[in-house]
């Protein structure tokens, strides 16, 4: 604000020029507009930073204690995360084109190989037809070379040789006559030279036609045939490529699953390269097999030693608090997250059904077999939380970098804290003394001590 005050003090309006009164008024207006825009930009930046900054909060972990039971298993760790599809696929096009037809909607179930989108294919059909025509032309030329010359062509070449030989004989007779007359002094030397030139030309023509006749009888050279065969193989590749491009205008489902998102409409352009914000689409639909689900969790490094490969757990979701699904650790990240001090773990849902949906909030209670027959078997855990974490029978659970508001049911204060009968399973990170401005879905960070 001090910088703004200094800038405003520097702004002065020159009122001395009476002749330029209209210009001064416009200058004043533009200055005021510039100042207003500067102020609005500063206010907007401040509001934006405030809205997008993480709210610092104090966090506390819900504690779970085991009660007697007959399950033979104990909960060693509770964690929260999200349900995800094990393999989410964005179905893209291999060719560029405009969407001519789309046959699926969001939520539709599709089978592997089912046609979901067709692109306009006029250009690809024309390219294929052109390549096939070129191939037919080269194959016909090769057949002509392989079969050799036709009898009629050989006979014509032979007749040309015989005609040239007759002309040569006539030129020889004429040369002898002119030579004799020249020797007798009847013809001059020039007549003899002309007769000799005609004879030599006839001899050269006979030699040329004779070689042509021999080539016609032999047929084309092997090198010419091999070169033409190479051209045919090249064009066959062009035909195969054109057929593949044409087939790629029909986009099929790569796996059996459910359509999660449809991003194109009829008439929109699909590309295989750079995708602009408002330009062509890079893919047409996204799908996943909802019978293959995982729960993705970020486990604190302090709790990571409680888990192991193939460890079992019970899965619950906020949407259906009374339902449980069986799970087993399927994947443990080979590296930790330095910023969060966590290790990512994925739990496979062993008995998925239509109730589970990707991106649902989920909690997993990891189980461990009782080590001693004399030890009390574990039953349903009892959860205790600080009363300061509850506001209007609701708590804020920290999941990743955001909070999720959840309604709970309590049964009164105890020395261990407020007893929670429903809504929590233990191990969740809660916001202590939630600020009034804290809302569901807001971004938060742990308050530095």
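The values are calculated or read from the model by the stated rules, or taken from the named source; none is laboratory data. Keep in mind the model is a prediction, meaning the values are calculated, not measured. We place every Cβ from the backbone using ideal geometry, glycine too, and count neighbours over all the protein chains shown.
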* Structure fact -> Output for Cβ contacts, cut-off 9 Å, separation at least six or different chains, first residue assigned by TED's automatic domain parsing to the domain that holds residue 106 in region 346-366, second assigned to a loop (DSSP other than H, G, I, E, B), reads none
* Which of (1) closer than 29 Å to residue 172 by Cα; (2) modelled with pLDDT of 85 or more is the odd one out, the single condition residue 206 does not satisfy? -> (2)
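Results for (1) at pLDDT 90 or above; (2) closer than 29 Å to residue 85 by Cα; (3) in contact with a helix residue (DSSP H, G or I) (Cβ under 6 Å, 6 or more places away or on another chain), shown as yes or no for each residue.
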residue: 341; (1), (2), (3): no, yes, no
residue: 348; (1), (2), (3): yes, yes, no
residue: 351; (1), (2), (3): yes, yes, no
residue: 360; (1), (2), (3): yes, yes, no
residue: 363; (1), (2), (3): yes, yes, no
residue: 366; (1), (2), (3): yes, yes, no
residue: 378; (1), (2), (3): no, no, no
residue: 383; (1), (2), (3): no, no, no
residue: 388; (1), (2), (3): no, no, no
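Yes/no matrix, rows are residues, columns are (1) part of a helix (DSSP H, G or I); (2) under 19 Å from residue 266 (Cα atoms); (3) modelled with pLDDT of 95 or more:
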| site | (1), (2), (3) |
| --- | --- |
| 107 | no, yes, no |
| 117 | no, yes, yes |
| 126 | yes, no, yes |
| 135 | yes, no, no |
| 138 | yes, no, no |
| 143 | yes, no, no |
* **Scope region 397-441; condition surrounded by fewer than 20 Cβ atoms within 10 Å (Cβ to Cβ), under 30 Å from residue 53 (Cα atoms) and in contact with a helix residue (DSSP H, G or I) (Cβ under 7 Å, 6 or more places away or on another chain); matching residues** => 432, 433
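Out of region 182-193, which residues are assigned to a helix (DSSP H, G or I) and touching a helix residue (DSSP H, G or I) at 6+ places or on another chain (Cβ under 8 Å)? Give the steps one after another, and end with the answer.
At the first step, the residues of region 182-193 found to be assigned to a helix (DSSP H, G or I) are 182-183, 189-193.
Correct list: 182, 189, 191, 192.
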* To do: Need at least 1 residues that are under 30 Å from residue 80 (Cβ atoms) per element, so show me which strands (runs of 3 or more DSSP E) inside region 234-323 make the cut, counting only ones lying wholly within it.
  => 257-262, 285-288, 293-300, 312-317
